[in-house]
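Asker: Just passing along the structure, written as structure tokens.
The values are calculated or read from the model by the stated rules, or taken from the named source; none is laboratory data. Small disclaimer: the values here were computed from a predicted structure and weren't measured. Glycine gets a Cβ as well: all are built from the backbone with ideal geometry, and neighbour counts include every protein chain shown. SASA here: full protein model, heavy atoms, side chains in, ligands and nucleic acids out. Shrake-Rupley method; radii C 1.70, N 1.55, O 1.52, S 1.80 Å.
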Amino acid sequence: MYRKCAQCGEDFEREPGFYFWSYVYQLRAFHVALIITSFIGYIVVLGGDEITLLYYLVPALILVMPLFFRLGRRVWINIFVKFKKERSKLDFSNN
């Protein structure tokens, strides 16, 4: 992740542990959502086996961890940092 936003100059390097909470809350929430949807889709709808689901789900959770971590950080910073149009260098007007 960049140190500062190229558009508005927002500092992404917060106090120590700021993004740790994104890991704790957001990453875990994304993992639970993936597990629940996989369980419902494979076990309930397709009638599969729980052990077979685990064989595929554990590597999938490991592979999507970097994606979920970055997504979690983005969600976490959007909760605490509000977008200010006047700070942005982009023109969002509809001409």
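Asker: Just to verify a result, which residue in segment 30-64, among those that are touching a residue at least 24 places away in the same chain (Cβ under 8 Å) and in a helix (DSSP H, G or I), is nearest to Trp76 (Cα to Cα)?
Answerer: Result: Phe30.
Asker: Can we say Asp11 is open to solvent by less than 70 Å² (accessible area, probe 1.4 Å), of a type in the set (D, E, K, R) and over 12 Å from the mean Cα position of the chain (by Cα)?
Answerer: Taking the combined requirement at face value, the residue satisfies it.
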